[in-house]
Each structure stands twice: as C-alpha cells, then as structure tokens.
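Heads up: the structure comes next, in structure tokens.
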Amino acid sequence: MGIKFSTRTGSVAGSHRAGASVAGVGDVALEVSDLVVRADNSRGFSELLHGVSLQVASGTMHGLVGETGSGKSMTAAAVMGLLPKGVSVVSGSIKLRDRELVGLGPKELHDLRGPAFGMVFQNPRTALHPMYNVGTQMSRVLEAHTGFSRRERRARIFEFLRMAGIAEPQRIAQAYPHELSGGLAQRVVIATSLICDPTFLIADEPTTGLDATVQRQILELLARLQGELGLSVLMITHDLSIVAQYCASVSVMHVGDVVESGKVRQVLHTPTASYTQKLLRASRLEFVTQRERATA
Ligand SMILES: Nc1ncnc2c1ncn2[C@@H]1O[C@H](COP(=O)(O)OP(=O)(O)O)[C@@H](O)[C@H]1O
Ligand SMILES: [Mg+2]
C-alpha cells in the first residue's frame with residue numbers, strides 16, 4: 001500500500017477517531033526514552049525496566065501490551081511519578097510534550113497530575129475514597145487544582161458525570177462508592193480523571209475485573225471521549241483484542257523491555273519480534289477456546 005512504517009510510533013499519523021479538529025495531531029504527546037527503573041531492597045537491587053522507549057502520538061490511543069509482570073504498570077507509574085517505595089528511575093527520560101518529568105519533585109508532580117494527565121486504573125472502587133460521596137471527591141480534585149467557586153464546581157461535576165454516560169448525575173454525586181456497581185464506579189473514576197481538562201490519559205487495565213458487557217461499555221466510553229476531547233491515551237492491557245479494536249498504535253512489552261512498536265495493523269499482522277508472534281499465537285488460541293466454549 002506504500003505506507004511507510006516506522007518501528008517507533010512517533011512518525012505514525014493520528015488515529016482517524018481523533019479527527020481533524022485536534023490541533024497538532026501527529027505531534028508526540030508522550031515520549032519515554034531509554035527508561036531504566038530499579039527496585040532496591042535489603043538484599044540488593046533488581047532492574048525492572050531495562051531501557052524502555054515508547055511514544056504516544058498526540059490525539060491517539062496507544063496500547064501498551066504484554067503479559068503480567070512485564071513492566072507495564074511500572075512504566076505507567078514512572079510516567080505519573082507514582083513509583084512504589086524503594087523503586088526509582090535510574091536513567092532515561094520521560095517527556096510530556098516538551099516537559100521533562102524525570103527529576104521533578106513530588107510537589108511539582110502532584111501539581112501536574114489532574115491538569116496534565118488523568119489516570120484510570122483497574123478496580124475503580126479502590127481508586128475512590130470509601131468515606132466520601134462522589135460529589136465531594138470530585139469537588140476535592142477541583143479544589144486542589146483550580147480556583148472554581150462552589151457553584152462552578154457543582155456544575156462541572158454534573159457535566160463530567162453526564163459526559164461519562166451517567167444519566168442521573170445529581171443522584172450519583174450523592175452516592176458513596178460501595179453503592180455503585182463496578183461499571184458505574186469506573187465511569188465516576190473516568191469523569192474525575194478528566195475534570196481538570198488533561199490532554200493525556202493513562203488507563204492501566206481499566207476493564208480487567210469487570211464483566212464482558214460492562215468492559216465493552218467502558219472501552220467504548222474511553223474511545224468516544226478520546227475522540228471527542230482529542231485526548232492522547234496510553235491504554236495498558238494484557239489483552240491483544242482490546243489493542244486490535246481500540247488502539248491506533250501499540251508497544252509490546254516483555255520482561256522490562258519494549259520489544260516492538262508500531263501501528264496496530266502492522267504489528268498484529270506482520271509482527272517482527274518473536275515475542276509478539278508468540279503473544280499473538282497465544283491470544284489466537286484463546287479466541288478459539290472462547291469460541292469453542294460459546295458453541296459448546
Ligand atoms: N513494589 C515493587 N517493588 C519491587 N518490584 C516490584 C514491585 N511491584 C512490582 N514489582 C515487579 O516489577 C515487575 C513489573 O511489574 P508490573 O509493572 O506490575 O507488571 P505488569 O503491569 O506488566 O503486570 C514485576 O517483576 C514485579 O514483580
Ligand atoms: Mg499491571
């Protein structure tokens with residue numbers, strides 16, 4: 001087809017979903033270069049990321065896929081400045097647009113989260129504080145990062161809950177996390193993660209643990225919001241079918257390294273890394289088994 005393919009996603013044009021309304025599609029929203037992360041403990045240290053590089057093109061959804069333990073969440077945590085205790089960045093660079101994040105202090109990183117990037121994780125209920133109702137939690141995020149008045153905050157909370165597909169925002173704003181279903185709780189988390197107008201969203205296994213129908217609804221919601229708001233999204237998953245359906249480009253991780261990056265079509269149809277081929281074979285087997293189960 002004459003499409004030039006690069007093993008780095010930065011040269012990949014924006015996804016069709018993002019549309020032409022987004023200025024600067026094709027720019028790089030996030031660039032991680034040669035990121036080395038290690039964990040220190042009393043017995044010494046172990047390297048968890050061995051020089052991870054990946055790029056997320058502006059206004060697109062980029063998948064980060066790999067089996068459990070490959071370092072996907074560590075990569076995300078490094079980007080967000082939320083590495084667990086004892087784990088640190090040794091070298092490399094993480095650039096959000098032109099801003100270098102490696103070396104920023106905790107206060108600067110805290111101020112960036114919210115306005116700069118939203119975060120959505122697996123298990124939405126643990127992301128919500130059990131003691132406060134939805135409206136209060138969302139209001140606190142706005143208080144921390146904006147100067148909105150009480151009335152403005154209220155209006156914005158309802159607007160974002162509605163945008164996340166919640167039909168009765170007033171009622172849900174009064175609800176406590178334990179009163180919400182998993183899917184509803186994830187919608188609340190998504191609304192909260194976007195309420196400070198970030199341009200970048202990190203979703204780490206956002207639908208793992210939800211049942212299949214709800215999973216689909218949440219992915220459709222994220223895809224819709226990505227397109228409507230022109231977000232750049234790093235979608236972390238162990239599920240290649242999610243990448244195939246929702247992402248424009250993908251990086252494949254294997255034991256602390258990115259082994260392959262590129263457009264989804266290219267990587268899934270003509271993988272170059274042997275690990276990607278293995279992952280594809282395994283997931284095809286899984287699809288077959290699912291189909292067999294369905295027809296059994
Ligand atoms: N707090 C921690 N301290 C040290 N090592 C960790 C910690 N959490 C996870 N790890 C290790 O880091 C590696 C990558 O984990 P992770 O990024 O969570 O993988 P993934 O998200 O791809 O399943 C694994 O080998 C895991 O055991
Ligand atoms: Mg993980």
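The values are calculated or read from the model by the stated rules, or taken from the named source; none is laboratory data. Bear in mind that the values here come from a model prediction, so they are computed numbers and not experimental data. When we count neighbours, we look across all protein chains shown, and the Cβ atoms used for this are built from the backbone with ideal geometry, even at glycine.
Taking interchain pairs and intrachain pairs at least six residues apart, which have beta carbon atoms under 8 angstrom, with the first residue in region 64-79 and closer than 21 Å to Ser283 by Cβ and near ligand 1 (Cβ under 6 Å from one of its atoms) and the second β-branched (Val, Ile, Thr) and in a loop (DSSP other than H, G, I, E, B)?
As it stands, the answer is Gly69/Val255; Ser70/Val255; Gly71/Val255, since those pairs meet every condition given.
Any chance you could count how many residues in region 45-77 are touching a Leu at 6+ places or on another chain (Cβ under 6 Å), small (Gly, Ala, Ser) and not in a loop (DSSP other than H, G, I, E, B)?
1
Mind counting the residues in region 131-185 that are within 23 Å of the chain's Cα centre (by Cα) and aromatic (Phe, Trp, Tyr)?
The total comes to 1.
May I ask you to list pairs of residues, at least six apart or on different chains, whose Cβ atoms are under 7 Å apart, with the first in region 196-209 being under 15 Å from Ile242 (Cα atoms) and the second being among the hydroxyl-bearing types (Ser, Thr, Tyr) and buried (at least 22 other Cβ atoms within 10 Å of the Cβ)?
Matching pairs, first to second residue: Glu205/Thr237.
Could you check, for region 255-265, whether at least one of its residues is of a type outside the set (Ser, Thr, Tyr) and modelled with pLDDT under 95?
For region 255-265, residues of a type outside the set (Ser, Thr, Tyr) and modelled with pLDDT under 95: present.
Per-residue answers, yes or no, for (1) surrounded by fewer than 14 Cβ atoms within 10 Å (Cβ to Cβ); (2) modelled with pLDDT of 95 or more; (3) among the hydrophobic types (A, V, I, L, M, F, W, C):
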{"residue": "Gly10", "(1), (2), (3)": "no, no, no"}
{"residue": "His16", "(1), (2), (3)": "yes, no, no"}
{"residue": "Gly19", "(1), (2), (3)": "yes, no, no"}
{"residue": "Arg43", "(1), (2), (3)": "yes, no, no"}
{"residue": "Gly51", "(1), (2), (3)": "no, yes, no"}
{"residue": "Val56", "(1), (2), (3)": "no, yes, yes"}
{"residue": "Arg97", "(1), (2), (3)": "no, no, no"}
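List the residue pairs whose Cβ atoms are under 6 Å apart, where the first residue sits in region 220-238 and is at pLDDT 95 or above and outside any helix (DSSP H, G or I), the second is within 16 Å of ligand 2 (Cβ to nearest atom) and basic (Lys, Arg), and the two are 6 or more positions apart or on different chains.
Matching pairs, first to second residue: Ile236/Lys72.
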